[in-house]
Amino acid sequence: MARPLLMWYGFLGGAAAWALQLVLGYGIEDSACSQGSSDTKSWIVAVTLLLGAVALGSSGAAFLTWRWADRRGDARGAVTFLALTGMLAGLFFLVLIALGGLQLISLDSCRQG
């Protein structure tokens, strides 16, 4: 039972972390601006680092799944495909999380347009 969970975490973990970072980043900025505070940088850095670690961990889980499938012999190739795709997707979403966090940190918050 642990191998399928590890495989699906490796395949979907990066995308879920990126989606959560988008929602939390928006929520942190919006709640701080509605209260008149602009001190959100520490929370955004913490969320970005935590969810970046989740995305990196999903790539690691996909790598472990790939090694396991390679040793056991994946006849249909489905587990190998999901593992290789998960490794690439996890790194891709890690870059997206880093860029999203950088954007939230560098832009001036609570500014009327």
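Derivation of every value follows stated rules applied to the coordinates shown; laboratory data play no part. Everything quoted here is computed from the prediction, not taken from an experiment. Quick reminder, even Gly has a Cβ in these numbers, built from the backbone with ideal geometry, and neighbours come from all protein chains shown.
Brief remarks on what is shown
- Relative to the longest principal axis of the Cα atoms of the chain, helix 41-72 runs at roughly 10 degrees.
- Residues Ser59, Ser34, arranged from fewest to most other Cβ atoms within 10 angstrom of their Cβ, appear as Ser34, Ser59.
- Modelled FRET efficiency - R0 22 Å, Trp8 with Val95, Cβ distances, 0.05 increments: 0.55
- Hypothetical label at Ile105: residues of region 12-28 whose amide nitrogen lies under 14 Å (7 Å Cα-Cβ projection): none
- Take every pair of alpha-carbon atoms less than 8 Å apart whose residues are at least six positions apart; their mean separation over the length of the chain yields a relative contact order of 42 percent.
- [x] 0.97; [y] 1.38; [z] 1.31, with the label sought being that of the calculated Cα Rg over 2.2 N^0.38 Å: [z]
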